[in-house]
Amino acid sequence: MPKKEKTVESAKDLALMFKTLGDPTRIRIFRYLRHRCWPVTVEDGEDKWMSVGPTVGEVSRVVSGSKKITAKVSHHLKEMRLAGLISIHRQGKTMVCGVSQKAIDALSEFLASTDAAPLSDDVSGDRDIEISEAA
């Protein structure tokens, strides 16, 4: 059974997601998964997860061009899963990748927000930040 999606609760969670997406290969993987995954939520009691998406092998073929799952792609998928950007779960003998809708929503909300209120673990919420325009 797949693990629950990680919740996005703080500036640290967002920072980890942005840091993880700071690699061009991970951007390619994330874009590919967003294109190939359909937001189908499967419920099993209290657990919910995304069920439809490409296999780890398909992701590896698209990203690396190799017919085998490469260590590099496997590492990138692991880091993206740990950051809460994607989910990977077993369906029979196959490992299926899915995009975390919670992560997409959190990143989109953060980027679209005009609210200057600090996030839950911001320690600099009462500091004034000065931004000057380049001349």
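The values are calculated or read from the model by the stated rules, or taken from the named source; none is laboratory data. All values derive from a computational prediction rather than experimental measurement. No Cβ is skipped: glycine too gets one built from the backbone with ideal geometry, and neighbour counts run over all protein chains shown.
Worth pointing out:
- Of everything in segment 1-25 that is touching a Leu at 6+ places or on another chain (Cβ under 7 Å) and not hydrophobic (A, V, I, L, M, F, W, C), the residue that is modelled with the lowest pLDDT is Ser10.
- For segment 89-103, the set of residues classified as among the β-branched types (Val, Ile, Thr) and touching a residue at least 40 places away in the same chain (Cβ under 8 Å) consists of Val96, Val99, listed by residue number.
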